[in-house]
Amino acid sequence: TQSRSSAASDVYKRQVKDLTREWEFMSKDSSTKSTSNFKPFWLITSMIILITILLLPTPESLPLMAKSALAILLFAVILWVTEAVTYPVSAVMIVGLIILLIGFSPVQNLSESLCYPQSNGKILKGDSLFGTGNALKLAFSGFSTSALALVAAALFLATAMQITQLHKRLALIVLSVAGNKTNRIVIGTILVAIFLAFFVPSATARAGAVIPILLGMITAFGVAKQSKLAGLLVITAVQAVSIWNIGIKTAAAQNIVAINFINDQLNTDISWGQWFLYAGPWSMLMSIALYFIMLKVMPPEEKELSGGKSLIQQQLKAMGPITAKEWRLISISIILLILWSTEKILHPIDSSSIILLALAIMLTPKIGVMSWKEAESRITWGTIIVFGVGISLGNVLLKTTAAQWLSDQSFGIMGLNHYPLVVTIALIALFNILIHLGFASATSLASALIPVFISLTTTLDLGNQSIGFVLIQQFVISFGFLLPVSSPQSMLAYGTETFTVKDFLKTGIPITVIGYLLIILFSATYWHWLGLI
C-alpha cells in the first residue's frame, strides 16, 4: 500500500502540474477564442439581418434611433450566440455600429440624459441628427461606470490568487479534510466552490483551482478520465461554481452588469451584504440539492479512493509553508470581505471603491503581492472590453426607448399585468432559462436582457417591487446548468474530456428544475417577507 501510495504520489504531482499548466493556458484567454473560430456565414447573416431591419418600415410608436438600437441588439445577439467572431471583436463592431447608426439618426423622444449640449449652447431636439460625437460618448458610456472598475479590479484579485497559488492551497486544505470516501470528496468539492466564491471573483479561476487537483488524484490511482467518478467530480465542481455565481454579488461579472443598470435606472445600489441576504440562502439550499442529485444521477464506480487524502496532504506539503506574499493576500482578502459584508452597515464605502483600494495595496512594491508586469500578462483584457461595451449597449437600449418599446411589444401583449407577481416572475424566469441555451456568456445575456426587464417593470407598473423583480431575473440569468456551452467554466471543464454533453444535461435538468422551483418558492415566501417583492 505504501509503495502504491508513493508511486501514485509521483504520478499525482506530475499530473497536477501538467493539468494546471494546461488549465492556465485554456483559461488565460477563455473569453477570446482564436481567430480560427471565425464563422463568416454567421457574420454575413448578422449583417444582412441588421440591414433588413433598418430598411423595414418604422412603426409610428418607434423612434428611428430606437429602431437602429434594436437592429444593433439583434446583430450583437447573433454574434454572441453563434460566436461568429471573438467577443472583443464583436464589442468593437458594436461600438462602430453605435457611432454610425445612432450618430446619423434623428433625435426623437429621447430622455434628457441623451440631449447633450452642443458647442453653440443649443440642445439637440426634433429632427436634428444625434451626431457621431454624441454617439461616441454613448458607445463608451459603459467604460465610465463604477461597475467596470469593480470587474477590472476583480480580475486583478483573481490574478493575484493565481500568481501566489493561494486559491490552490485553499482548495487543497478543504479537500484534505474531506477524506478518502467518494461522497465526502464530493462534499469537499462543493465546499471548495463555496469557500473560494467569497475570495475569488472569477468563476473560471475558481474552477481552475480545484479541477486539476481532482483530475490529478483520479489519474494517480488509475481511474479512467471517462469514468463516472471523474465526470461526477468535475461536473460537481463547475455546477457548484455556477450556483455560487448567484449567491455572491462579486462572484460573477453578470451580477455587476445588473447592479449597474439597477443603480442607474432604478436609483438603488444593492450592497454586498444585501445581495448575500437575498441570494445566499438559495445557493445554500441548491448546494445541498447538488450533492444528492450528483450522487443519484452519476453514482461512482469507486466508493473510496484509498490513499486519496494522503495524496492531497503530500501535494499541500510540496507547496511548502505559506509565503509572505500569501499571508499578505490572505490579510487583504479577509479585510476586503469584511468591508464588503459591512457596506452600508458600518461604513458608506461602495464595493467598487473598496476593491480598488485593495488593488492599490496589492500592486504597491514591498507591501503588495505582485508587480504590474506580472499582472498585465495574465489579465484577460478582452473581458473588460466586452463588459464595458455590454453596458454601453444596454444604455443605448434604455436611453433611446428601444428597451421600453421591445418590452411593450413582447411581454406587454401577454397581459402579464393581470397576473399575480409570482406568476409573472415564474413566466419570465422560464423565458430567461430557455433563452440562455443560446448564449455562451451570462454577461452578454445580462447586457441584453436586464434593460428589457427594467423597462418591463414600467409596463407592469411594479413601482417599489421593480428592484426585486429585476434582481430575481438576474439570479436566473446566471443559471447556465443545462449545457457546457452556457458558461466559460463549464466549457473549460468539458475540455477535460471527463464527461459528455449528455452527462452534463442529465445532471443539469434536475438542477435547473429544482433551482427554478426554489425561485418561485422564494418569491412567494422568503423574498416577499424581506420586502424584496
- Roughly how tilted is helix 146-164, in degrees to the nearest 10 and between 0 and 90, from the longest Cα axis of the chain? 20
- Expressed in nm to one decimal, what extension gain is obtained for the pair Glu497 and Ser410 from 0.36 nm per residue of sequence separation less their Cα-Cα distance? 27.3 nm
- Accessible area expressed per residue, the chain, with surrounding protein chains retained (probe 1.4 Å, Å²): 41
- Item | Solvent-accessible ranking of Tyr419, Tyr494, largest area first, probe 1.4 Å | Tyr419, Tyr494
- Item | Mean Cα-pair separation over length for the chain, i.e. relative contact order, pairs under 8 Å, 6 or more apart, % | 21
- Distant alpha-carbon pairs in the range 190-333 (separation over 23 angstrom), percent: 47
- So, with a 1.4 angstrom probe, what is the percent of accessible area on the range 416-496 that is carbon and sulfur? 65
- Message: Which one, Trp244, Ser371, Leu215, projects farthest toward the positive side of the charge dipole computed for the chain from Cβ point charges (K/R +1, D/E -1)?
- Response: Leu215
- Excluding ligands and nucleic acids, what accessible area in Å² is computed for Thr132 using a 1.4 Å probe, to the nearest 10? 60
- Query: Which pairs, out of Lys181/Lys296; Lys168/Lys296; Lys168/Lys506, put more than 20 Å between their alpha-carbon atoms?
  - Reply: Lys168/Lys296; Lys168/Lys506
- Message: Students often check this: by mean Cβ neighbours within 10 Å, which of 46-55, 79-88 ranks highest, and how do the rest follow?
- Response: 79-88, 46-55
- Rounded to the nearest 10, the angle in degrees between the Cα long axis of helix 351-363 and the longest principal axis of the Cα atoms of the chain comes to 50
- Message: Can you give me the % of accessible surface on the range 153-243 that is carbon or sulfur? Probe 1.4 Å, all protein chains present, nothing else counted.
- Response: 62
- Global size of the range 172-215 as Cα Rg and Dmax, reported in angstrom: 10.1, 30
- Rank Arg184, Arg328, Arg169 by accessible area, highest first, at a 1.4 Å probe radius? Arg184, Arg328, Arg169
- Note on the structure: From most to least accessible, 1.4 Å probe, no ligand or DNA/RNA atoms counted, Ser176, Ser410 line up as Ser410, Ser176
- Rounded to the nearest 10 Å², what accessible area does Met414 show when all protein chains are kept and the probe is 1.4 Å? 90
- Would you mind checking the radius of gyration and Dmax of the range 346-401 based on alpha-carbon positions, in Å? 16.1, 51
- Item | Theoretical FRET efficiency, 1/(1+(r/R0)^6), r = Cβ-Cβ of Trp381 and Phe431, R0 30 Å, to 0.05 | 0.35
- Query: Got a number for the accessible area of Ile44? Probe 1.4 Å, square angstrom, nearest 10.
  - Reply: 100
- The percentage of the accessible area of the range 330-404 (probe 1.4 Å, all protein chains present) made up of carbon and sulfur atoms, to the nearest whole number, is 72
- Task: Give the distance, in whole Å, between the Cα centre of the range 415-492 and the Cα centre of the range 374-398.
- Result: 21
- Item | Helix axis angle, 87-97 relative to the chain longest principal axis, alpha carbon, degrees | 10
- Query: Once the range 297-373 is represented by equal point scatterers at the alpha-carbon sites, with solvent omitted, what log10 I(q)/I(0) does the Debye formula produce at q = 0.15 Å⁻¹?
  - Reply: -0.72
- Query: How high is the relative contact order of the range 347-482, in percent, with contacts defined as C-alpha pairs under 8 Å that are six or more residues apart?
  - Reply: 26
- Message: Nothing charged except the Cβ atoms of Lys and Arg (+1) and of Asp and Glu (-1): what's the magnitude of the dipole of the chain about its Cα centre? Round to the nearest 20 debye.
- Response: 1440
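The values are calculated or read from the model by the stated rules, or taken from the named source; none is laboratory data. In this text the structure is predicted, and so the values were computed from the model without any measurement. For neighbour counting, all protein chains shown are included, and Cβ atoms are generated from backbone atoms with ideal geometry for every residue, glycine included. Just so you know, the surface numbers come from the protein's heavy atoms only, side chains and all, with ligands and any DNA or RNA stripped out. Shrake-Rupley method; radii C 1.70, N 1.55, O 1.52, S 1.80 Å.
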